[in-house]
Structure formats: structure tokens, C-alpha cells
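Chemist: Handing you this structure, nothing more for now.
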Amino acid sequence: MAAVPSYREIAERTLGQAAQDLNAMPQGHVASTEIQARAAKAQAIATIAAAQALLEIGDVLRENLKRPASDA
């Protein structure tokens, strides 16, 4: 069975997807609504990545708070 990726790895992949979407933005004569829709999608993907990063931070904090004080 494959290892479960960390939230950090998932966030990196998700941000990569957002970057690809922004880099694939059409050029030339394009309807402004098309640009707005693509930008909104990239922003939503980036927001998901930020949430995943926050989950990673929460997991790290939780693990550190579970340790006995002598390990710190």
C-alpha cells in the first residue's frame, strides 16, 4: 500500500495545479468573463492549498503538544 501523502505534499500539488491554471490563461481577444472565471478557479484552488497547509500546521502542533515536557 502506498504511503499517505502529508497535507504539505497535497498543498504543494494543489498550488502547482493553481499555477498551471494561471499559466494556461488564454491570450488575445478573450471575453472578460472567461478570464474572471479562470482566475476565480485558480483562487479557489489556492484557498484549498492554504487550508491544507493549515491542517499540516495543526497536525505538527498537535504532535508537539502531545510530547512530554522532558522531550522538548
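The values are calculated or read from the model by the stated rules, or taken from the named source; none is laboratory data. The structure presented is a predicted model; accordingly, all values stated were derived computationally and were not measured. Cβ placement follows ideal geometry from the backbone for every residue including glycine, while neighbour counts extend to all protein chains displayed. Surface accessibility is based on the protein's heavy atoms, side chains included, excluding ligands, DNA and RNA. Shrake-Rupley method; radii C 1.70, N 1.55, O 1.52, S 1.80 Å.
Chemist: Looking at ALA39, ALA44, can you tell me which residue is at pLDDT below 90 and of a type outside the set (Phe, Trp, Tyr)?
Modeler: ALA39
Chemist: Note down all Cβ pairs under 7 Å where the first residue falls in region 15-40 and is within 20 Å of ALA53 (Cβ to Cβ) and open to solvent by 50 Å² or more (accessible area, probe 1.4 Å), the second is modelled with pLDDT of 85 or more and not basic (Lys, Arg), and they're at least six residues apart or on different chains.
Modeler: Filtered contacts from region 15-40: LEU15/ALA46; LEU15/ALA49; GLN17/ILE45; LEU22/ALA42.
Chemist: Scan region 56-70 and give yes if some residue there is out of contact with any helix residue (DSSP H, G or I) (no Cβ under 6 Å at 6 or more places or on another chain), in a helix (DSSP H, G or I), open to solvent by 100 Å² or more (accessible area, probe 1.4 Å) and at pLDDT below 85, otherwise no.
Modeler: Scanning region 56-70, I find at least one residue that is out of contact with any helix residue (DSSP H, G or I) (no Cβ under 6 Å at 6 or more places or on another chain), in a helix (DSSP H, G or I), open to solvent by 100 Å² or more (accessible area, probe 1.4 Å) and at pLDDT below 85, so the answer is yes.
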